[in-house]
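Beneath this line is the structure, given in structure tokens, with notes to follow.
The values are calculated or read from the model by the stated rules, or taken from the named source; none is laboratory data. Fair warning: this is a prediction, and the values are worked out from it, not measured in the lab. Neighbour counts run over all protein chains shown; Cβ positions are idealised from the backbone, glycine included.
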Amino acid sequence: MANSPDLYETLEIRYPPPGARGDPRPPPPALSPPCRACRQALGTAALLLLAAGLAALGTLYVQSRGELRAARAELAAVTEPLGPEHDGDTPSAIQRRQDRLGRWLQALALGWRYHRGKIYLFSVQRQPWAAAEAACAVTHAHLASVTSAEEQAYLAREARGGTYWIGLTATGVGGSWRWSDGTPYSPDQSFWAPGQPDSTDHGQWGGEGCVQIHPVGAGLWNDHNCNFSFPWVCQRDLSVP
């Protein structure tokens, strides 16, 4: 018996064209020809965005390099008098100076900010005034004292519109103002907002006897009740061991 051809070898399957009657598949969408103007516009926009991004990164890089050079120069300038003139050119004196600078550099790595021989920490937590001062003391610091218009301007700028406790508080009979780090308070070097201090009475909480940098008046001072919780600014001087 002769071998008959395999059924599958002779079977021809014809598929209906897309969209034909009985075919549930919709026809594929027609492809529009490429738009040369569209491609050019998208390419130009991408290049502009890339250029803007690179320019912004370059500006930040230049600013950070400039700030770093300034900080190094100021650190060198203000630490030099703390070395040989006072302690002598002994290995122990050099080691103490290096240890002090090492602690400063470590503090900067932990988020402290350097400015003209001092470092500052702007907290992200909120505490009453006394607890804020205690938190600064743990780091061998105090709440910030402000003794010049230049320092006031720096703190107000770095506060970026926030409210922060500083180290000024009213104590004793009559509520004499004093700085927590022992710096003498001078009315001639005070930066109160208009109408402050006003010693507002907060009822069961008492009056206002602690000072904060406040957004009203672009970072000028406002007295507030010491039991209320706010962020704070710690300050350390280079001369602190």
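The table for this structure:
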item	result
Count of residues meeting criterion [over 30 Å from Asn227 (Cβ atoms) and not basic (Lys, Arg)] in segment 116-141	1
Top-ranked residue in segment 213-241 [being under 19 Å from the mean Cα position of the chain (by Cα) and in a strand (DSSP E or B); ranked as farthest from Gly195 (Cα to Cα)]	Arg236
Residue that is surrounded by the fewest Cβ atoms within 10 Å (Cβ to Cβ), among those in segment 121-147 that are among the hydroxyl-bearing types (Ser, Thr, Tyr) and modelled with pLDDT of 95 or more	Ser123
Thr169 vs. criteria assigned to a loop (DSSP other than H, G, I, E, B), without any contact (Cβ under 8 Å) to a residue 60 or more places away in the chain and closer than 16 Å to Leu143 by Cα	no
Selected residue [touching a helix residue (DSSP H, G or I) at 6+ places or on another chain (Cβ under 7 Å) and either of a type in the set (Lys, Arg) or surrounded by 14 or more Cβ atoms within 10 Å (Cβ to Cβ) (or both)] from Thr183, Thr169	Thr169
Unmet requirement for Arg113, which otherwise passes all of (1) over 14 Å from the mean Cα position of the chain (by Cα); (2) within 28 Å of Gln189 (Cα to Cα); (3) among the basic types (Lys, Arg)	(1)
Check on Gln189, under 21 Å from Ala141 (Cβ atoms), surrounded by fewer than 16 Cβ atoms within 10 Å (Cβ to Cβ) and touching a residue at least 24 places away in the same chain (Cβ under 8 Å)	yes
Scan of segment 126-151 for residues that are under 20 Å from the mean Cα position of the chain (by Cα), in a helix (DSSP H, G or I) and of a type in the set (A, V, I, L, M, F, W, C), ordered by number	Ala132, Ala135, Cys136
